[in-house]
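*Asks:* One structure follows; several queries about it will come next.
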């Protein structure tokens with residue numbers, strides 16, 4: 001099996017595992033909730049758009065919420081998919097590292113502390129730098145999906161986004177994620193203006 005086929009098979013496996021992990025789930029806080037799987041699909045698409053060469057990013061984008069929002073089922077499906085993917089150990093380490101970096105620690109309270117911890121995990125030296133791109137794309141999609149949320153929640157989320165922007169500004173530039181980073185800034189500014 002050649003490397004291109006291995007990559008395509010692995011992307012397919014990631015999307016299928018994510019679909020199973022999120023089966024029956026809906027997006028939170030929405031007046032008209034959409035199926036949850038739409039979110040990882042869009043994040044994978046954004047990741048591909050902003051750095052299509054990074055197949056580990058695309059795979060991780062599909063799987064980024066499986067552990068956090070999929071419960072034990074999501075965790076088990078993630079582990080099974082990772083074990084079966086026809087990729088090398090180094091690629092699998094990067095994918096797992098991205099997913100770990102994007103998985104929030106629900107034992108941390110209050111929300112502000114959880115957000116700080118989440119940001120710190122993404123920019124940590126122990127996280128693959130690709131986690132920054134997937135996190136930016138995740139946030140872009142979440143921002144585009146804020147319709148129907150109450151004003152107070154949107155303002156909190158925009159404040160958290162500003163904290164993320166400040167934290168990833170330098171690493172995003174260093175690693176070449178300029179376009180995604182600037183899209184995040186423009187979207188944040190547009191939503192802030194709309195909320196005034």
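The values are calculated or read from the model by the stated rules, or taken from the named source; none is laboratory data. Fair warning: this is a prediction, and the values are worked out from it, not measured in the lab. Here Cβ is always computed from backbone atoms with ideal geometry, including for glycine, and neighbour counts include all displayed protein chains.
*Asks:* Considering only the range 28-41, I want to know if a residue exists there that is closer than 27 Å to residue 176 by Cβ, buried (at least 20 other Cβ atoms within 10 Å of the Cβ) and at pLDDT 95 or above.
*Replies:* For the range 28-41, residues closer than 27 Å to residue 176 by Cβ, buried (at least 20 other Cβ atoms within 10 Å of the Cβ) and at pLDDT 95 or above: present.
*Asks:* Taking the conditions exactly as written (in contact (Cβ under 8 Å) with a residue 40 or more places away in the chain and either under 17 Å from residue 83 (Cα atoms) or assigned to a helix (DSSP H, G or I) (or both)), does residue 48 satisfy them or not?
*Replies:* Criteria not met by residue 48.
*Asks:* Looking for something over 22 Å from residue 181 (Cα atoms) and in contact with a helix residue (DSSP H, G or I) (Cβ under 7 Å, 6 or more places away or on another chain) - is there at least one such residue anywhere in the range 106-128?
*Replies:* Scanning the range 106-128 turns up at least one residue that is over 22 Å from residue 181 (Cα atoms) and in contact with a helix residue (DSSP H, G or I) (Cβ under 7 Å, 6 or more places away or on another chain).
*Asks:* Can you say whether residue 98 is touching a helix residue (DSSP H, G or I) at 6+ places or on another chain (Cβ under 8 Å), farther than 22 Å from residue 63 by Cα and buried (at least 16 other Cβ atoms within 10 Å of the Cβ), as far as the supplied structure shows?
*Replies:* For residue 98, the condition - touching a helix residue (DSSP H, G or I) at 6+ places or on another chain (Cβ under 8 Å), farther than 22 Å from residue 63 by Cα and buried (at least 16 other Cβ atoms within 10 Å of the Cβ) - is not met.
*Asks:* If I filter the range 164-173 for residues that are out of contact with any strand residue (DSSP E or B) (no Cβ under 8 Å at 6 or more places or on another chain), surrounded by 14 or more Cβ atoms within 10 Å (Cβ to Cβ), without any contact (Cβ under 8 Å) to a residue 40 or more places away in the chain and more than 19 Å from residue 68 (Cα to Cα), do I get at least one hit?
*Replies:* yes
*Asks:* Does residue 80 fit the bill of being farther than 26 Å from residue 183 by Cα, in contact (Cβ under 8 Å) with a residue 60 or more places away in the chain and in a helix (DSSP H, G or I)?
*Replies:* So residue 80 fits the description; yes.
*Asks:* Which condition number does residue 98 fail, the rest of (1) modelled with pLDDT of 95 or more; (2) over 15 Å from the mean Cα position of the chain (by Cα); (3) part of a helix (DSSP H, G or I) being met?
*Replies:* (2)
*Asks:* Exactly one condition in (1) in contact with a helix residue (DSSP H, G or I) (Cβ under 6 Å, 6 or more places away or on another chain); (2) crowded, with 16+ Cβ neighbours inside 10 Å; (3) closer than 28 Å to residue 34 by Cβ; (4) modelled with pLDDT of 95 or more is false for residue 146; which is it?
*Replies:* (4)
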